[in-house]
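The values are calculated or read from the model by the stated rules, or taken from the named source; none is laboratory data. Note that this is a predicted model, so its numbers are computed, not measured. Here the Cβ is made from the backbone with ideal geometry for all residues, glycine too, and neighbour counts use every protein chain on show. Ligands, DNA and RNA are excluded from the accessible area calculation, which covers all protein heavy atoms including side chains. Shrake-Rupley method; radii C 1.70, N 1.55, O 1.52, S 1.80 Å.
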Amino acid sequence: MQTIYDAAVIGGGPCGATAAQKLAAAGHSVALVDPGDRIKPCGGAIPSRALRDFDIPDQLLVAKAHAARVIAPSGNTVDMHIGDVGFVGMVERESFDPFLRARAEAAGAHRIAGKLVAMEEAPDGTLRLTIDRMGDDGHGAKHTVGARLVIGADGANSTVRRLTFPARSKPPYVFAYHEIVESPSDANPLRFRGDRCDVVYDGRISPDFYGWVFPHGDRTSVGCGTAIKGHNLRRATSALRDRAGLTGQRTLRREGAPLPLKPMRRWDNGRNVLLAGDAAGTVAPSSGEGIYYAMLCGSLSAEAVAACLATGRASALKQSRHRFMRAHGRVFFILGIMQTVWYRSDRLRERFVSLCADPDIQRLTWESYLNKRLVRRDPLAHVRVFFKDLAQLVGIPAGQK
Ligand SMILES: Cc1cc2nc3c(=O)[nH]c(=O)nc-3n(C[C@H](O)[C@H](O)[C@H](O)COP(=O)(O)OP(=O)(O)OC[C@H]3O[C@@H](n4cnc5c(N)ncnc54)[C@H](O)[C@@H]3O)c2cc1C
């Protein structure tokens, strides 16, 4: 007889692996379905809070950044030092994702190497999932798995979302492209540093997002994103490499993927399917940060599924989105406005970069990114930031603020 799992988690990235680990650790029978053969294109930057919240061992970090350099269209640069509030950790998805999947398996999740291709509901309300299984020879055979509930954590191009939700509910996205290059051993620190993330705001690099140079020890991720069709991301990346002195460095990979920048209005189908992570659109606007939010979604979706299994009430699935938006909805909203306002023209990007020189803004930026909370210790700082922001936006010179 076919096994019916309490839950099947589709996708073993940061979101799905976290969900499967939590559910298995709580004693549920869980299948974790992932092909396991793909490296997710990603800059790999995570805030120090992620290490605490999700028990990420320090050894998984290939680098730590203690500052960011923001660069304006004119070439004007502002260095934002983190100080003692934390650091930006760098992970390689090639080792990070397999580590998380192995951790889920050690907690008791049953791993299935394959891809979900179809899903239907049986008369008893359970789901029958058709999995294209990967054999050792790389070729698949169809396999059916039963589950009471399904978590769709299968990324920005989610199959679960396509099979369950109307096409119009797909979140809006920016397409991000990057190149993994060998890091230089003798870099000019003015152009590249192994402990600094460079973020480039320049319409030639991205007319509506930004470009980055993120050091990963012996490798570096260089890339940019845009929602505008026709903008040449490869050419822009080549300009970023040139600027950072990385043109002659060996290219190890070229790849890209969508960044879904708006949480969907509904994550569950009201019965037995719950979306989480990129599949539900939880990448932060302005920054493109998705790993921390995906892991949080994994954790929240596991708790919602456990509550649904315990009570038999499908409405428990809603608590995942509700809790996520209560914790981060306001920040996503503010970041969305920032992206719309500041990334609109080079004139505004120039002002945005000057604003980053402000110590209040630097402190609030780092504390809210690294610790995922808006600091209440100094409410006046928020007021000062608000007025400085406004003054820059309307173009009042610094002396008149
Ligand atoms: C170029 C680029 C740079 C980025 N840089 C950063 C960064 O520096 N910091 C940051 O925080 N975020 C970054 N992000 C965003 C981040 O990568 C994502 O938000 C994050 O990976 C989302 O995790 P997830 O588990 O929801 O989805 P994913 O990581 O996409 O995982 C989905 C998993 O599902 C699997 N899958 C897909 N389809 C199926 C199927 N049909 N059946 C079974 N399994 C399936 C995939 O193989 C994959 O393993 C970047 C994204 C891009 C594209």
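Output the residue which, of all residues in segment 335-365 that are open to solvent by 30 Å² or more (accessible area, probe 1.4 Å) and outside any helix (DSSP H, G or I), is nearest to Ser287 (Cα to Cα). Once the filter is applied, the top-ranked residue is Arg344. Would a scan of segment 15-24 turn up a residue that is assigned to a strand (DSSP E or B) and within 11 Å of the ligand (Cβ to nearest atom)? No, that holds for no residue.
Where strands (runs of 3 or more DSSP E) fall wholly inside segment 119-208, the ranges with 3 or more residues that are more than 26 Å from Glu350 (Cα to Cα) and open to solvent by 20 Å² or more (accessible area, probe 1.4 Å) are 127-134, 140-152. Quick one: is Asp34 away from the ligand (no atom under 15 Å from the Cβ) and either assigned by TED's automatic domain parsing to the domain that holds Gly211 or not β-branched (Val, Ile, Thr) (or both)? Considered against the rule, which asks whether it is away from the ligand (no atom under 15 Å from the Cβ) and either assigned by TED's automatic domain parsing to the domain that holds Gly211 or not β-branched (Val, Ile, Thr) (or both), Asp34 comes out as no. Of the residues making up segment 209-233, those that are assigned to a loop (DSSP other than H, G, I, E, B) and among the β-branched types (Val, Ile, Thr) number 1. Residues that are basic (Lys, Arg) and surrounded by 16 or more Cβ atoms within 10 Å (Cβ to Cβ) within segment 50-64 comprise just one, Lys64. Whether a residue is outside the structural domain of Ala156 (by TED's automatic domain parsing) and either buried (at least 24 other Cβ atoms within 10 Å of the Cβ) or part of a loop (DSSP other than H, G, I, E, B) (or both) was assessed, and Thr247 passes this test.
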